[in-house]
Amino acid sequence: MVRKTTNGMSDWFGFFDSSTFGDGSCLFVAGMGNTCVFETNDGLVVFDLPIKQYGLKTFREIRKKTDKPVKYFLYSHGHFDHAFAFQPFIDEVKSKGWNMPQVIAHENCIKRFEKYRMLDKYHNWINQMQFTSVGGKGQENLVSAHDTLDPTIILKGNDAKYFFELGNVNFEVYHDKGETDDSIWLWVPEKETICTGDLMVSSFPNVGNPYKVQRYPKDWAIAMEKMMEKDAKYLVPGHGQLIKGKEKVRDVLSITAEAMHFVHDEVVKRLNEGKWFEQIYHEMIEIFPDKFKTHPILRPMYGCYRFAIHASHRLYHGWYNTGNPTDLFPSKSEDIAKELLKLNDEKAYLNHAKNLFNGGKLQLALHILDIVIKGAESNHRETLLEALDLKYQILKQKVKEESSFIAANIIDNARYQIKNRIKELKK
Ligand SMILES: [Zn+2]
């Protein structure tokens, strides 16, 4: 089942036709994520390789257009959807006796691959949750980093850049942090084209993914501004359709930079005012400007502003984020719930949750329901079933209303777990 393919997610997954652009020597291959191929007289430069499951499709799309050998692969970053569809290309190199292509990436990409190998099972687990609606759940090995095509040309340090030429076409590779610390982006002046990787994903930047490590809103803004200086005519995003036209390219880069500066600077301002996260978060929701809310490139389709607030806060602050010492070394939530149930019985909480639900206060209803679900004795089967069933209904409604694919999947995954628990209890 593929849910949430409307509202741009089908583009995000690359369910649209590949196309050539510019003088016809540039090929945009739609995928998860996108690939961009530059055909020169001396061979091909290939920016990004999608998830391994898209390998053959990507290979065939390229071979429909040209049979020239690949001379360079570039990894915008080492995520599973940008550096793993290499196998068909390597098989071809071997069968034709060609030289192995160079692979260009930032040094942090190598560290990333090492980290993936250490945390292989963990990453599989969190990615199954993040992509639960697109079959993530059913796949044993959704992703795995045990086979990588390792970089051979490595950009080092924070101001890293690398320029090369192939078949009289110049390629300029720059490093900037943003979604990751190993991002590189490509500027091809003769083709007036920028390849951004996930620094542009046709959605609000994925800057505060709840499952993933720290990301970099301020650096993201700076990367956008550096790209703007190039005055590109074409922008190849990591996900979604090709962005065409100097004005359009400038507009998407500039509004993204502005949004990243905004979220970062407003969080920093509030940290300096001595505010704790809860206050910062709710104030930030209040002040989110309409120009960001309504801009198509900032739709909260994958990442979202709410996550970005967390990312900006986490850049500078540790895990103690309430200012309330009760939360410093808290008791188990089950024990707290059990104590609350001593003050009032399960039915009272359950009825209150129902009233909140009927009044449209879904989030508050969840908090109250959790007291019953966590605190009720396990033999209080009927009450538990009723509470779980209401939680299931609330989550179902929340998924429907949720714009962010990631947030919707987090909620939906929990909904499946509740469904299973209900089944178990009914046995
Ligand atoms: Zn991606």
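Worth pointing out:
- With K and R counted +1 and D and E -1, the other residues having a Cβ less than 13 Å from that of residue 83 yield a net charge of -4.
- Entry note, the stretch 1-110: relative contact order of 20 percent, from Cα contacts under 8 Å with a spacing of 6+ residues.
- Normalised by the number of residues in the chain, the average gap of Cα pairs under 8 Å and 6 or more apart makes the relative contact order 12 percent.
- By the beta-carbon count within 10 Å of each Cβ, the least crowded to most crowded order of 271, 298, 253, fewest first, is 271, 298, 253.
- Axis of helix 55-65 versus longest Cα principal axis of the chain: the two differ by about 30°, to the nearest ten degrees.
- Our coupling estimate for the stretch 113-130, obtained by passing each phi through the Karplus curve with A = 6.51, B = -1.76, C = 1.60 and θ = phi - 60°, is 4, 5, 4, 4, 5, 5, 10, 3, 5, 4, 5, 4, 4, 6, 6, 4, 6, 5 Hz, Gly and Pro reported as x.
- Neighbour counts of C-beta atoms inside 10 Å place 403, 203, 18, 76 in the sequence 403, 18, 203, 76, starting with the fewest.
- Applying both filters, DSSP loop and at most 11 other Cβ atoms within 10 Å, to the GluC sites (Glu not before Pro) of the stretch 143-249 gives 229.
- Local electrostatic count, residue 315, Cβ distance below 9 Å [Lys/Arg +1, Asp/Glu -1]: +3
- Computed from phi, the 3J(HN,Hα) profile of the stretch 177-191 under the Karplus parametrisation 6.51, -1.76, 1.60 (θ = phi - 60°) reads 7, x, 5, 9, 8, 10, 5, 10, 10, 10, 10, 10, x, 4, 9 Hz, with x in place of Gly and Pro.
- Stretch gain in nm, segment residue 90-residue 382, where the contour uses 0.36 nm per residue and the Cα spacing is subtracted: 99.2 nm
- Qualifying trypsin sites (Lys or Arg not before Pro) in the stretch 305-362, where qualification requires a DSSP coil assignment and no more than 10 other C-beta atoms within 10 Å, comprise 332.
- Taking the C-alpha atoms only, the angle from helix 346-358 to the longest principal axis of the chain is near 50 degrees.
- Proximal charge balance of residue 38 [Cβ under 14 Å; K/R count +1, D/E count -1]: -4
- Set 96/177; 342/426; 177/332 screened for pairs whose C-alpha atoms are more than 29 Å apart: 96/177; 177/332
- Net lengthening on full extension, residue 248/residue 282 (0.36 nm per residue, minus Cα-Cα): 9.0 nm
- Ranked 216, 316, criterion: other C-beta atoms within 10 Å, fewest first: 316, 216
- Among 99, 124, 170, residue whose mean-square fluctuation peaks in a GNM of the chain (springs only between Cα atoms under 10 Å): 99
- Look at the Cα gyration tensor of the chain: its axes a ≥ b ≥ c give a/c of at least 1.5 with a/b over b/c, and that counts as prolate.
- Residues in the stretch 362-379 reached by a label modelled at residue 355 [backbone nitrogen below 17 Å; 7 Å Cα→Cβ]: 362-372
Taken together, the values in this text are just the output of simple stated rules run on the coordinates, not laboratory data. As the structure is a computational prediction, the values presented were derived from the model and not from experiment. No Cβ is skipped: glycine too gets one built from the backbone with ideal geometry, and neighbour counts run over all protein chains shown.
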